[in-house]
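Quick notes on the structure that follows.
The values are calculated or read from the model by the stated rules, or taken from the named source; none is laboratory data. Please read these numbers as outputs of a predicted model, since none were measured by experiment. Using ideal geometry, Cβ is built from the backbone for each residue, glycine included, and neighbour counts are taken over all protein chains shown.
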Amino acid sequence: MNIHEYQAKELLKSYGAPVAQGVAIHSASEAEAAAKSLPGPLYVVKSQIHAGGRGKGKFRELGPDAKGGVRLARSVDEVVANVNEMLGNTLVTAQTGDAGKQVNRLYIEDGADIARELYLSLLVDRSSGKVAFVASTEGGMDIEAVAEETPEKILTLPIDPDAGVTDADADRLAAALALEGKTAEQAKNVFKLVYKAFVEKDMSLLEINPFIVMENGDVRVLDAKVSFDGNALFRHPDIVELRDLSEEDEKEIEASKWDLAYVALDGNIGCMVNGAGLAMATMDIIKLYGAEPANFLDVGGGASKEKVTAAFKIITADPSVKGILVNIFGGIMRCDVIAEGVIAAVRDVGLNVPLVVRLEGTRVAEGKKIIDESGLNVISADDLDDAAQKIVAAVGGK
């Protein structure tokens, strides 16, 4: 689960992180009062969407010459003018794709005199099995570009979960960011408190880009991106309250109600599979035969008929889906349950696209019999390779 920048900053502020004063607004009528509540005279008006690259993004409605999704303003009137332009319009960035995202919230923040921009993040490092810091002197840039062009400027530092961030860890991070004196001491405190927040709140990513040094030597969290482990949200009702459903795909929202692992993609073949690894393999083989998957959907190992029916309805609700591949290897998941769920969904919503079903495993004979006797126009497949070729051919692929 993702949250907005202003929410991430409020969370980090509660742990003691240095952040600027700011006010989130939902309507243009709030802009003047919000700006007047800040020290000024420099303000920053920031689009609040769940995507990066906002500053370089463009508003579709305003044309290619308009300013981006993060703007400086040097008066209250300029803040108001920017808010009127930005709010309600569609911001297109490198991460949103061509569809863009409508800006429904803005964050008006007090400006800062920036001397240096640094990069700091925390993530789950699977190679070490620990939470790790990633630090670089090259703040304000995409860390992927830094990794490709100047990897020597990035430090990845796994943290011992028993010890937490030690003084030696903090010293090493400060050195990697070329910090000295009072600036280094402030930063070392930030390293410890953001790690504490990451662990206590079950985050999966905490990215501060940029983490700045101001002209007076103080450090500040200038931007913050936070994602949480969805499997741990039951422990954090306060975090769940921060969820912005308008930033999420409607199909993904519906899937979450049924505890389905679903991610919408850009292809035209809908996939319903049990098991994340098998789902990945199914998407790969669809691409191998020249088509693109429309989704990742894992119904899990013990899905009920009702859950399978819900999954099928979610797939068919996507207008880009031109064919459906059901690929089930029954272990805990019984093939007859899958068959019953698919048939129930088809009878409820209809079937207007080709459907290929590959079943194997527990009660596979019973599952195939249920489908064969259903009277549905279903294409059966013997194995995954056969299934992929048939669905790709059915939608007019290679």
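For region 171-188, indicate whether the set of residues that are crowded, with 16+ Cβ neighbours inside 10 Å, under 25 Å from the mean Cα position of the chain (by Cα) and among the small types (Gly, Ala, Ser) is non-empty. For region 171-188, residues crowded, with 16+ Cβ neighbours inside 10 Å, under 25 Å from the mean Cα position of the chain (by Cα) and among the small types (Gly, Ala, Ser): absent. Checked across region 69-92, the condition of being polar (S, T, N, Q), outside the structural domain of ARG220 (by TED's automatic domain parsing), buried (at least 18 other Cβ atoms within 10 Å of the Cβ) and outside any loop (DSSP other than H, G, I, E, B) holds for at least one residue.
Taking the conditions (1) part of a strand (DSSP E or B); (2) closer than 17 Å to ILE391 by Cβ in turn, MET280 satisfies each one other than (1).
Checking each residue in region 1-15 for being polar (S, T, N, Q) and either assigned by TED's automatic domain parsing to the domain that holds ALA261 or within 15 Å of the chain's Cα centre (by Cα) (or both) picks out only ASN2.
Of all residues in region 215-249, those being in contact with an Asp or Glu (Cβ under 7 Å, 6 or more places away or on another chain) and more than 21 Å from VAL194 (Cβ to Cβ) number 1.
Filtering region 144-189 to residues that are out of contact with any strand residue (DSSP E or B) (no Cβ under 9 Å at 6 or more places or on another chain) and not in a helix (DSSP H, G or I) leaves ASP162, ALA163, GLY164, THR166, GLU180. Comparison of LEU260, LEU233 shows that the only residue that is surrounded by 20 or more Cβ atoms within 10 Å (Cβ to Cβ) and in contact (Cβ under 8 Å) with a residue 40 or more places away in the chain is LEU260. Give the number of residues within region 93-124 that are over 22 Å from ALA33 (Cα atoms) and either surrounded by fewer than 20 Cβ atoms within 10 Å (Cβ to Cβ) or touching a Leu at 6+ places or on another chain (Cβ under 7 Å) (or both). Here the count works out to 19.
Scanning region 106-143 for residues that are of a type in the set (Gly, Ala, Ser) and either more than 24 Å from HIS4 (Cβ to Cβ) or assigned to a strand (DSSP E or B) (or both) returns ALA115, SER121, SER127, SER128, GLY129, ALA132, ALA135, SER136. Here is the figure for region 201-225: residues that are surrounded by 18 or more Cβ atoms within 10 Å (Cβ to Cβ), part of a loop (DSSP other than H, G, I, E, B), of a type outside the set (Lys, Arg) and out of contact with any Lys or Arg (no Cβ under 7 Å at 6 or more places or on another chain) total 2. Mind listing whichever residues of region 278-309 are closer than 17 Å to ILE343 by Cβ and either of a type outside the set (A, V, I, L, M, F, W, C) or touching a Lys or Arg at 6+ places or on another chain (Cβ under 8 Å) (or both)? Once the filter is applied, which keeps residues that are closer than 17 Å to ILE343 by Cβ and either of a type outside the set (A, V, I, L, M, F, W, C) or touching a Lys or Arg at 6+ places or on another chain (Cβ under 8 Å) (or both), region 278-309 yields VAL299, SER304, LYS305, GLU306, LYS307, THR309. Taking region 107-129 as the range and being more than 27 Å from the chain's Cα centre (by Cα), over 22 Å from GLU10 (Cα atoms) and of a type outside the set (Lys, Arg) as the test, only ALA115 passes.
Within region 226-257, the set of residues being within 10 Å of MET1 (Cα to Cα) and assigned to a loop (DSSP other than H, G, I, E, B) comprises ASP229, LEU242, ARG243, ASP244, GLU248. Each residue in region 258-277 was checked for being in contact with a Lys or Arg (Cβ under 9 Å, 6 or more places away or on another chain) and in a loop (DSSP other than H, G, I, E, B), and 5 of them qualify. Within region 343-395, the set of residues being of a type in the set (Val, Ile, Thr), modelled with pLDDT of 85 or more and assigned to a loop (DSSP other than H, G, I, E, B) comprises VAL353, VAL395. A residue that is over 19 Å from GLU10 (Cβ atoms) and in the same structural domain as ALA135 (by TED's automatic domain parsing) cannot be found anywhere in region 193-202.
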